[in-house]
Every structure is written in C-alpha cells, then in structure tokens.
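> Pasting a structure below so you can have a look.
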Amino acid sequence: MVASLMNPAAPVPFRHVVRLLLSFRSSVMPSTLTHWLGARAIPLAPEQIAVREGLRAGVAVGVVMVVAMWLHAPLMAWSAFAAFWTCLVDPGGLLAARLRAMLTFGAAGTVITGLVAMLAGWGLWPSLVGLGAISFLCGLARVRGAVATQISVLAAIVGVVAVCYPQTPMGALDLSGLFVLGTVWATVVCVLAWPVDPYAPQRQACAAIFREQARMLERLLHIGDEEIGTPTTISAWRRDIRLRIEQTRGRVEALGIGPAPTTSRTWATLLPAVEASDRIFVAAMAFEHAAFTCASSPVASRTIRLVVATLQRVARELQRVEPRAESLDQSIRFLRTAGERDTDLFTRGAHLCADALTDLQTAWRKADVSPVRGSSAGTPPVVKSWTHPVFLRHAARLSLGVMVAYLLALWLALPYAYWAMMAVVVVTQPSRDTTLLRTIERVAGSIAGGVLAALMGVLLPIWAILALVFPLAALTIALRSVNYTLCVMFMTQLFVLVTDLVSPAHGWDVGLARALNNIMGSFVGLGACLLLWPARSAAPLAVRVMEACRANLHYAVLASDVRKVGWPQIERARREAGVFSTRAEILCQQGRMEGLRRSEQLALCADVLFQLRQLAGAATIWWMEHTEPPTEVARIRAMNCAVLEKDVIESEENENVSMERLGALHGRLESLMQGAQ
C-alpha cells in the first residue's frame with residue numbers, strides 16, 4: 001500500500017501531503033482511544049482512512065463548485081452532488097468492477113433525476129407515487145449484494161433530492177444533463193487520478209490484526225504502571241481482535257471467487273495471514289491470562305517483547321503489495337530459540353507462534369511461484385430471490401418511510417425536505433438492531449455537523465466557504481470506512497456549505513434545518529422498521545449469554561481433557577467460543593445504549609461474559625500445558641468443566657434462562673476459576 005501511494009507517477013505536490021496523512025493515520029487514533037470507544041459499542045477503524053480516495057473526491061467536488069461559482073450557475077450544485085455520490089459509490093478493487101459500479105449508478109441516477117423532477121413538476125400525487133415506487137425498487141435491489149446495495153442506496157438518495165427540484169419536461173432533461181456531467185467528471189477523476197493498490201483495504205485490515213495483537217501484548221509489560229486489567233478493557237481487546245479476524249477472513253475469502261490472477265494471488269497471500277493471526281491469538285490469550293494471574297518473570301517479559309516485535313514486523317510486511325517471505329526468517333529463528341527449552345507457558349507460546357509464521361512463510365513462497373487461480377479458490381455467493389420476504393419487507397418499509405417523511409416535511413413546511421428523506425433511506429436497514437445503531441450514529445453526526453456548518457456559514461466569508469469544500473469532501477470519503485458518525489458529520493458540513501454557496505444569506509438556518517430534518521427522518525426510518533412488518537425479535541441477552549456459556553464450556557472441556565485434543569478440533573471450539581462471546585457482548589453493549597431499565601441484568605450478564613473470557617484464557621493455558629499422565633488437579637478440573645457444561649445444555653433445552661439461573665451460573669463459574677487456579 002505504502003509503495004503504491006508513493007508511486008513516482010503521482011503529482012509531486014501531493015506526495016508530501018500523502019506521506020503526511022499516512023503518518024497522521026497511524027498516530028491520530030491510539031489503541032487506548034480505539035478500545036475505549038470499542039468498549040462503548042462505537043466502532044472505529046483508523047487503519048481504513050482512505051487518503052487518496054479522499055483527495056480524488058475533494059478535487060472532483062471542489063472543481064465543480066469553483067466552476068459553478070465562476071459561471072454564477074446555482075443549479076450546477078446538482079453536478080457537485082452527482083460527483084460526490086459517484087465518488088462515494090466507488091467500491092474499490094479492480095478497475096472493471098469499479099467502472100461497472102460507477103457507470104451503473106450514473107445511468108440509474110440520470111434516469112431517476114429526470115423522471116422524479118418531472119413528476120414533481122406535475123404535482124404532489126404524481127411525485128409521491130413516483131418517489132414511493134423508486135424507493136421500493138431501490139430497496140429491493142439490495143438482494144444483489146453489497147455493491148448493489150451501495151448503488152441502490154445512493155440511487156434512492158438521488159430520487160429524494162430530485163423530488164425537491166420540480167421541473168418541466170425540458171427542465172428535467174437539463175437537470176439530468178447536469179447529473180451526467182458530474183458523474184462523468186467524477187468517474188474520470190476516480191479512474192485516472194492517483195492509482196492505488198485495489199486491495200489496500202484488505203491488506204490494511206490484515207495488518208491491523210497483527211498490529212492490534214502486538215498492542216494487546218505490549219500493554220502486558222506495563223501492568224504495574226496503569227490500570228489495564230479491568231473487565232471492560234480485557235473484554236474489549238479480545239472482542240475487537242476476534243471481530244477483526246472474522247470480518248477480515250470474510251473480506252479476504254471473497255477475493256478467491258474472481259477469475260483474475262491478481263485477485264487470486266492476493267487471496268493466496270492474505271488468507272494464510274488471517275489464519276496465522278488466529279493461531280497466534282491462542283498464544284496471546286494465554287499470555288494475557290497468565291500475566292494477570294501470575295507474577296511476571298524475566299522469561300515472560302523477553303518472550304512478550306519478542307512476539308510483539310515479530311507481530312509488528314508482519315504487520316509492516318503485509319502493507320506491501322508483495323510481502324517478502326524471507327523477511328520472517330530472523331523472527332522465526334528467534335522464536336524457535338526461545339521455544340527450545342519448552343519449560344513454561346511462554347516458551348511454548350513462542351514455539352506455537354513460530355509454527356504459525358513458518359506456515360505463513362511457506363504460503364507466501366508458494367504464492368510467489370504458482371498463484372492459485374481465483375475461479376477455483378472459492379464458491380460464488382448465492383444470490384437470493386427478488387421475492388425473499390426479508391427484502392420485500394425492507395423495500396416496503398423504505399418506500400412507506402420515505403413517503404411519510406415527504407408528507408411530514410410538506411405539512412410542517414420544512415425547508416430542505418430532502419434531508420429528512422435522505423435520513424430515512426440511510427437509516428432504514430433490514431435488521432432492527434442495525435437500524436437503531438445507525439439512527440444513533442446519524443443523529444449524532446448530523447447534530448455535530450449541522451452546528452459546525454451553521455457557525456462556519458455565519459462567521460466565514462464566501463471565499464473561505466468555497467475553500468472548505470475540498471477538505472470536507474476529502475474527509476467524508478476518506479473516513480467512510482472508519483466511523484459512520486464522523487463520515488456523517490463531515491458530509492453534513494459539506495452539503496450545508498454547498499447549499500450556502502448556491503443560495504447565500506441563510507446562515508444559521510441551513511445548518512439547523514439539516515440537523516432537525518435528519519433527526520426527524522432518522523426517527524421515521526426507525527419507526528418504519530419497528531412498526532411495519534416487524535421481524536422476529538432477536539434472541540434476548542440472557543439467551544445469548546447462555547449460548548456463549550455453552551460454547552466456552554465446550555472449549556474448556558476439550559482443553560482440559562485428560563487426553564490432549566488435536567489442534568484442528570481445539571481450534572474450531574476456540575473460534576466458536578470467541579464468536580459467541582462477541583455476539584453476546586455486542587448485544588450487552590446495545591442494551592446499555594438503550595437505557596438503564598435492565599441495569600441489574602446487564603451488570604450480571606457483563607460479569608458472566610467477563611468470566612467466560614477468563615475461562616477461555618485459562619482453557620488455552622490448560623491445553624498448552626497438558627502433561628502425560630495428567631495430574632489429579634487436571635482430572636478434577638476436567639470433571640468440573642464437564643458437569644457445568646451438561647447443566648448449561650440442559651438449561652438451554654428446558655428454556656430455563658432467568659436472572660436466578662444466571663446468578664447461579666455466575667457463582668459456579670467463579671468457583672470453577674478459583675479451583676482451577
């Protein structure tokens with residue numbers, strides 16, 4: 001990634017800017033802040049800051065606005081919006097897929113612009129019916145996958161904005177022409193300006209796993225200096241890394257579907273890295289558990305420092321377009337030397353890390369010699385039917401929500417009604433939980449962005465506002481994969497200031513109207529998801545916690561078995577335990593966001609989940625320190641784990657999940673951990 005960003009073909013003035021922004025990206029969000037936010041269910045991925053994509057968007061939108069101001073053509077703001085949306089719809093990856101997505105959006109947006117603007121010129125009812133039909137079709141297009149979802153969401157946004165630009169048939173044709181102009185210009189800029197590694201997001205995600213594991217272990221060297229052993233902190237680190245591993249695995253596995261040699265080579269390079277990180281995570285969990293339960297030793301400190309340096313080296317190597325297998329030689333040799341004695345947990349952990357990196361090195365060398373063909377690397381995703389109930393319900397909710405927001409905005413005589421409808425389009429998701437989280441993020445970002453834009457609109461002159469269009473467009477695109485609230489905040493400022501430029505003398509009104517309309521539209525979208533054909537409620541928190549208990553106890557039973565279980569079986573159980581714990585912890589965080597009405601249950605569930613994280617760490621140690629023949633303590637421990645697992649399974653089968661049951665489980669887990677120590 002860094003090599004491609006420093007491409008000599010790039011414009012000279014921008015090389016220093018890109019280098020500065022890349023260094024800023026690696027330091028602006030320390031892990032302490034990232035995990036503090038993660039513990040509060042606020043996702044943040046600073047490694048996904050898209051510097052070049054942001055610069056391209058800034059140029060695409062900024063140039064159009066400069067031309068619009070120079071020509072005194074306020075309607076050219078439509079071209080600026082089209083350029084921004086085209087940059088936003090760019091999915092990254094290979095050029096053919098990017099062009100297909102941008103041209104598909106351009107064609108759909110052009111037709112929707114002219115049609116909706118013409119219907120709006122004919123009156124309320126034609127525009128309302130047309131808007132509802134287009135929103136329904138865009139909602140239904142989600143069935144075609146992630147890229148189609150992005151295109152359909154932005155196409156629906158084009159429709160809700162165009163309805164506020166009523167035109168005659170000829171005027172609608174002119175408006176479509178302006179949309180084509182902005183789309184073509186943005187496509188040219190995105191395709192020709194500053195080429196980047198098409199798989200940079202996947203490389204950055206893989207590198208981030210190793211980097212976060214290094215930081216997780218590095219903090220163990222400072223246990224006596226700061227409070228880093230709280231339940232919230234420990235769970236946040238493990239949950240974040242488990243989520244990163246699973247999400248990155250899915251993104252990398254998708255690369256193996258395509259027929260392109262570049263794609264398959266990238267797949268053959270990155271997928272082994274994800275698997276290696278998952279195996280190293282076993283040692284990291286064991287090191288963490290041992291560090292918090294036992295006194296530190298010189299061997300432990302040296303081993304942790306060695307593993308940290310190794311993980312950082314792998315993270316740096318993964319950022320290269322072609323990772324060098326020989327760069328791991330020294331690290332593997334040092335880890336082998338540290339693991340030769342096989343005297344304690346830390347030397348065994350070093351040996352486990354060396355094995356994982358050796359397999360990774362072998363995979364990289366094979367990829368250099370004979371990359372796997374993409375067509376045989378994966379299975380094409382199954383495309384669901386257009387009549388699938390989930391997508392039909394979502395499309396109907398979206399259509400009705402947009403029409404309700406439109407009528408409310410007209411009834412209340414709200415200026416800039418399209419902002420309320422845009423909020424409905426973005427907030428409304430097939431899942432109720434996702435809709436709730438997106439509503440909170442949208443409202444928070446809109447309020448912050450609206451207030452800041454209002455201040456800038458009042459205090460800054462026109463030339464300063466025009467100069468801000470470039471950085472705001474760049475920041476919006478650069479942060480779209482980092483955090484949705486930040487993206488909305490900068491997007492709000494961009495839209496408000498563009499509106500201020502083409503229709504000045506609004507000042508505070510525009511920013512506050514944007515914030516208020518977004519709040520109203522967000523709650524309309526949330527109401528549509530909750531009230532219209534509500535889906536079956538997700539499993540309650542107590543059930544999720546019991547599922548996590550079952551998975552973690554199964555892992556503990558296998559790890560404590562008197563006959564040592566093989567790696568493939570223990571790895572599947574460990575991964576399943578981590579996934580179920582993560583699901584329950586996320587639901588627990590969402591419960592905290594909803595309020596304090598379940599505070600007693602939430603506190604109990606959080607304690608149980610923390611104990612499960614501790615149990616998983618202890619189980620990892622049990623498996624790594626297995627001896628033949630097993631000690632009497634190991635036999636008793638294995639029996640206690642098996643009995644507790646049986647009781648949990650029976651409770652699930654009898655649907656006997658209550659506060660009393662969770663309280664009893666909490667006590668038994670605590671006794672199990674005390675006895676194990």
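The values are calculated or read from the model by the stated rules, or taken from the named source; none is laboratory data. Note that the structure is predicted; figures quoted are calculated from it, not measured. Ideal geometry is used to build each Cβ from the backbone, glycine not excepted, and the neighbour counts take in all protein chains shown. The protein model used for the area step is the full one, side chains on, heavy atoms only, and it has no ligands, DNA or RNA in it. Shrake-Rupley method; radii C 1.70, N 1.55, O 1.52, S 1.80 Å.
> If each residue of separation counts as 0.36 nm, what is the full-extension length gain between residue 633 and residue 129 once their alpha-carbon separation is subtracted?
Separation in residues times 0.36 nm, less the Cα-Cα distance, equals 174.2 nm.
> Sticking with this structure for a sec: Round to the nearest 10 and report in Å² the accessible area of residue 237, as given by a 1.4 Å probe over the protein chains' heavy atoms.
Only protein atoms counted, so the area is about 20 Å².
> Another one. Ordering 69, 170 by accessible area with a probe of 1.4 Å, largest first, what comes out?
170, 69
> A follow-up question, please. Given a Förster radius of 56 Å and the C-beta distance between residue 173 and residue 321 as r, what FRET efficiency does 1/(1 + (r/R0)^6) yield to the nearest 0.05?
On the way: r = 45 Å, r/R0 = 0.81.
Here the calculated transfer efficiency is 0.80.
> Right, here's the next one. At a probe size of 1.4 Å, how large is the accessible area of residue 199, to the nearest 10 Å²?
Accessible surface of residue 199 is approximately 10 Å².
> Here's something else I'd like to know. Taking 0.36 nm per residue of sequence separation and subtracting the Cα-Cα distance, how much length would be gained by fully extending the chain between residue 192 and residue 359, in nm to one decimal?
Length gained between residue 192 and residue 359: 56.3 nm.
> Could you please state how large a percent of the accessible area of the range 50-158 is carbon and sulfur, counting protein chains only and using a 1.4 Å probe?
77 percent
> Now a separate question. Between the range 71-119 and the range 162-217, what's the alpha-carbon centroid distance in Å?
Here the two parts' Cα centres lie 10 Å apart.
> Please report the accessible area of residue 240 (heavy atoms, 1.4 Å probe, ligands and nucleic acids excluded) in Å², nearest 10.
Its accessible surface works out to 40 Å², give or take rounding.
> Sorting 265, 313 by accessible area (1.4 Å probe), largest first, what list results?
Working: 265 55, 313 75 Å².
Most to least solvent-accessible, the answer reads 313, 265.
> Shifting gears a bit: What distance in nm separates the simple spin-label points at residue 299 and residue 458, each placed 7 Å from Cα in the Cβ direction?
The answer from the label model is 6.7 nm.
> Using a cut-off of under 16 Å, list every residue of the range 396-423 whose amide N is near the label point 7 Å from the Cα of residue 530 along the Cα-to-beta-carbon line.
So the set is 401.
> If 289, 626, 351 are ordered by their accessible area, calculated over protein heavy atoms with a 1.4 Å probe, which sequence runs from highest to lowest?
On the way: 289 10, 626 40, 351 80 Å².
So, going from the largest accessible area down, we get 351, 626, 289.
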